[in-house]
1. LYS275: which lysines have alpha carbons under 16 Å from its alpha carbon, excluding same-chain residues fewer than 8 sequence positions away?
2. At 1.4 Å probe size, with the rest of the protein present, what percent of the exposed accessible area of the stretch 280-320 is carbon and sulfur atoms?
3. Using 0.36 nm per residue of separation minus the Cα-Cα distance, give me the extension gain between ASP376 and PHE77 in nm, one decimal.
4. Over the stretch 92-241, give the accessible area per residue in Å² for a 1.4 Å probe, as an integer.
5. Can you give me the distance in nm between label points at ILE15 and GLN227, each placed 7 Å from the Cα along the Cα-to-Cβ direction?
6. Where only protein heavy atoms count, and the probe is 1.4 Å, what is the accessible area per residue for the stretch 462-539 in Å²?
7. For the charge dipole of the stretch 444-484, defined by +1 on Lys and Arg C-beta atoms and -1 on Asp and Glu C-beta atoms about the Cα centroid, which residue among HIS480, VAL454, LEU470 has the Cα displaced farthest towards the positive pole?
8. In whole percent, how big is the carbon plus sulfur part of the accessible area of the stretch 432-539, probe 1.4 Å, protein atoms only?
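The values are calculated or read from the model by the stated rules, or taken from the named source; none is laboratory data. Predicted, not measured: the structure shown is a model, and the values here were computed from it. Cβ coordinates were reconstructed from backbone atoms using ideal geometry, including for glycine residues, and neighbour counts include every protein chain displayed. The area values use the complete protein model at the heavy-atom level, side chains included, leaving out ligands, DNA and RNA. Shrake-Rupley method; radii C 1.70, N 1.55, O 1.52, S 1.80 Å.
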Amino acid sequence: MGFVSTILGFCGFGIGVSCGLTIGYYLFIYFQPCDVKDPVIRPLVERDSKSLQQLLSEIPLWVKCPDYDRVDWLNKFLEYMWPYLDKAICRTAKDIAAPIIAEQIPKYKIDSVEFETLTLGSLPPTFQGMKVYVTEEKELIMEPSIKWAANPNVTVAVKAFGLKATVQVVDLQVFAAPRITLKPLVPSFPCFANIFVSLMEKPHVDFGLKLLGADLMSIPGLYRFVQETIKDQVANMYLWPKTLEVQILDPSKAMKKPVGVLHVKILRAMNLKKKDLLGASDPYVKLKLTESKLPSKKTPVRHKNLNPEWNEEFNMVVKDPESQALELSVYDWEQIGKHDKMGMNVIPLKDLTPDESKTMTLNLLKNMDANDAQNDKDRGQIMVELTYKPFKEDELPKDFEDNDAAHKVPEGTPPGGGVLMIIIHEAQDVEGKHHTNPYVKILFKGEERKTKQVKKNRDPRWEEEFTFVLEEPPVNDRLHMEVVSTSTRIGLLHPKETLGYVDINLSDVVSNKRINEKYHLIDSKNGRLQVELQWRTAS
């Protein structure tokens with residue numbers, strides 16, 4: 001009986017399963033719910049930016065934000081260089097940490113603290129994008145987005161009271177958005193004087209910490225406490241506007257700003273040689289400082305005179321008294337043809353005692369070649385009086401980039417006088433009708449200065465500096481600057497044309513000490529000229 005019941009049970013189970021599958025299949029095929037609708041498929045372009053960021057949280061910044069640039073080349077560079085950068089960074093970190101550890105461990109009665117292993121791992125940081133800001137100052141501002149999921153192995157062994165404990169840092173993650181400012185930009189390698197680093201938001205820092213093989217971060221509450229503490233401490237030190245400053249070059253030396261004024265008085269010349277056919281000469285003196293782009297200064301011509309007296313005074317701005325020299329050349333004026341050079345000499349500024357007048361009588365030479373036998377020939381003498389007036393240390397601004405700093409000129413400048421500095425940076429969208437070879441012509445107090453000519457360029461950059469030593473502040477004066485183009489071809493019908501001009505009232509420069517602006521050029525469709533003006537007052 002039991003056997004029959006078992007057989008019938010198996011049969012009933014088989015029949016029941018078969019009937020259930022058949023009925024279920026029929027219901028699934030023929031009875032579908034009528035309230036089910038097909039999903040609506042929308043293209044990504046129809047979604048807003050917030051929805052896209054939620055769907056694609058790891059999308060690179062250069063895709064989400066048009067202000068960020070793609071920097072795959074930098075990531076590829078780091079990938080290839082990382083094995084070498086890892087060793088160099090770790091070695092530098094050990095060298096920096098060693099004296100600090102040696103100074104601190106005696107305070108806590110610790111025998112030693114040593115790095116057993118120190119490596120940043122095989123995974124370099126990646127740049128998700130970089131934003132670059134363009135300003136009218138001499139600076140470069142960059143905001144990279146950095147993500148670093150590293151696999152470091154940093155093991156520190158601490159020995160104290162005969163015991164040894166090891167602490168290991170593993171699985172490091174750092175997400176940061178720093179702002180890196182390189183300023184001021186200077187014409188000396190590496191072309192910037194300081195690096196300023198700050199954080200635009202609190203960084204995300206995550207890591208594992210093992211003590212004696214146990215993961216300390218697994219202790220309840222410790223993980224969040226450590227994370228928040230690190231964020232707050234780093235933010236207190238470097239969150240914008242606070243910065244970390246690293247000096248690369250001495251800004252004052254790199255920029256070669258004026259450090260003094262050389263007062264030159266051309267007294268007289270004696271025993272000059274005859275150059276004219278009638279047995280006389282028409283001498284005048286040209287003088288300039290070496291390593292200066294400023295044009296030479298000239299004395300008046302003394303006609304038919306071999307022992308001329310001038311008593312002419314000149315002020316010349318000095319940037320580097322250790323390397324610069326005063327170059328004096330005496331010429332014979334000719335009404336037609338080239339002026340004949342009668343002789344020359346050079347006076348190194350390092351030979352002058354600051355704030356002391358020195359009268360010198362110099363022999364005129366053909367050139368400054370000590371081995372040239374023609375320099376032994378008598379060509380006459382020239383007498384000059386020189387006084388070098390350097391800036392005093394307590395008068396110099398501590399931060400020469402401070403726009404409000406009161407720049408000073410040396411003692412000896414007439415009361416109320418000073419130095420007007422004009423820096424021609426660049427022009428934009430200047431275009432001539434027949435040619436575009438622009439240069440800037442400066443007219444101020446009857447004196448004309450020019451920049452170099454840039455050929456075939458609608459957006460020329462000059463970065464040239466001009467200085468004027470003035471007896472009084474130019475409160476009521478105007479500065480005229482004109483962008484001019486001249487043809488490089490001979491015989492053209494339009495050899496010269498004006499591309500635009502601007503007149504600047506200098507009263508604002510006197511009151512503000514410094515102005516750096518782009519001026520729209522008059523008589524130009526879209527032309528602009530960027531000029532920086534500085535007024536350095538006398539003490």
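1. Qualifying lysines at Cα under 16 Å: LYS304, LYS338, LYS341, LYS366, LYS377.
2. Numbers: 880 of 2090 Å².
Of the solvent-accessible surface of the stretch 280-320, carbon and sulfur hold 42 percent.
3. Numbers: separation 299, 0.36 × 299 = 107.64 nm, distance 6.15 nm.
Gain on extension, ASP376 to PHE77, equals 101.5 nm.
4. Numbers: 8790 Å² over 150 residues.
Result: 59 Å² of accessible area for each residue.
5. Rounded to a tenth, the inter-label distance reads 6.4 nm.
6. Normalised by residue count, the accessible surface of the stretch 462-539 is 50 Å².
7. Farthest towards the positive end: VAL454.
8. Working: 2540 of 5790 Å².
Carbon-and-sulfur percentage of accessible area, whole number: 44.
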